[in-house]
Structure formats: C-alpha cells, structure tokens
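Colleague: The structure under discussion is supplied below as structure tokens; questions concerning it will follow.
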Amino acid sequence: MNLNATTIAILLVVVLAIPYLVHVIRKVQNYSIPLIKALNPFYTKEMHEADQLKLSLSPIVKEMETQELAKFIKHWTAKFENGSLTEQDVTDLNARIADGRADQVNGILALHPAASIQFQEINAQLKRKEAVIEQETVSEVLV
C-alpha cells in the first residue's frame with residue numbers, strides 16, 4: 001500500500017469524523033435533538049431544553065401581547081371618540097413612539113383621522129412650549 005499525502009489526509013479525516021458522528025448520533029438519540037442542530041458542536045442539551053421551553057411559552061406570550069394590544073386599542077379608541085385627548089395623552093403616545101412602538105401609535109391614529117389631526121396639533125403646541133422653555137434656560141445660563 002502506497003501512503004502518500006492524500007491518503008494520509010483522508011485517513012485523518014475519517015479517524016476524526018467517525019467519533020464525531022458517533023457523538024452526534026448519541027445526542028440525537030439521547031436528547032431528541034434534531035440532527036441539524038446536533039451537528040453543531042456547540043449546541044448542548046441545555047440549549048435544546050431552553051429552545052423547547054421557549055416554544056412551549058410562545059403561545060402564552062403571544063396571548064399576553066394580544067391582550068395588551070387589545071387594551072391599548074380599546075383605551076385610545078374611547079379617548080379619541082370622546083374627543084378627550086390631552087397634552088398628557090400626547091406625551092404618553094410620544095413615549096410609546098420613543099419606545100419603538102410607533103407602529104401601534106400610527107395604527108390607532110390611522111383608525112381615527114380626526115384624532116390624528118388633534119394629536120398633531122397638540123404635539124406642535126408641546127414642541128413650541130419645549131422650545132420656549134429651552135430658550136429660557138439658555139438665557140438664564142447666559143445671565
């Protein structure tokens with residue numbers, strides 16, 4: 001048998017691959033890990049258990065988010081239909097936008113065009129007040 005560099009390289013790969021594949025098969029059989037994930041040497045039993053827990057909690061989390069969104073829509077729809085939008089409400093909506101929930105705010109405002117106009121007017125008033133307060137603080141600092 002002629003042992004050249006290619007043959008030695010192939011033998012090394014086979015010698016290293018067989019124990020790894022045995023390890024992968026044991027992971028699949030013992031922990032019911034999917035084969036694709038078991039091929040990842042850094043994917044552990046604990047990670048698999050965490051993924052399973054996340055999957056089992058997913059419907060509960062979605063239901064909680066749905067209820068939260070329903071309360072949000074109900075609350076703001078009542079405010080908009082009564083025409084009782086205040087500066088504090090606009091501040092709260094701006095805080096939601098700052099938190100990354102602009103889609104919720106834009107969605108509820110899209111459902112009520114009159115409230116959207118009122119929101120923009122109050123928002124403009126708030127910005128003017130902030131600008132005046134900022135100018136006053138700057139002038140106080142300069143004096």
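Colleague: Spin-label point model (7 Å from Cα, Cβ direction): what's the Leu3 to Glu63 distance in nm?
Modeller: 6.5
Colleague: Would you list, by chain and number, the lysines whose Cα falls below 19 Å from the Cα of Lys54, excluding same-chain residues fewer than 8 positions away?
Modeller: Lys37, Lys45, Lys62
Colleague: In Å, what Rg and Dmax follow from the Cα atoms of segment 8-143?
Modeller: Expressed in Å, the Cα Rg and Dmax of segment 8-143 come to 28.4, 84.
Colleague: When N is the residue count of segment 10-50, what does its C-alpha Rg come to as a fraction of 2.2 N^0.38 Å?
Modeller: For segment 10-50, the normalised Cα radius of gyration is 1.25.
Colleague: Any chance you could run the full-extension gain for Lys71 through Ile36? It's 0.36 nm times the residue separation minus the Cα-Cα distance, nm to one decimal.
Modeller: 8.5 nm is the gain from fully extending Lys71 to Ile36.
Colleague: Dipole size in debye (nearest 20) for the chain around its Cα centre, Lys and Arg Cβ +1, Asp and Glu Cβ -1?
Modeller: 920
Just so you know, all these numbers are worked out from the coordinates, no wet-lab data involved. Quick caveat, the model's predicted, so the values are computed rather than measured. Using ideal geometry, Cβ is built from the backbone for each residue, glycine included, and neighbour counts are taken over all protein chains shown.
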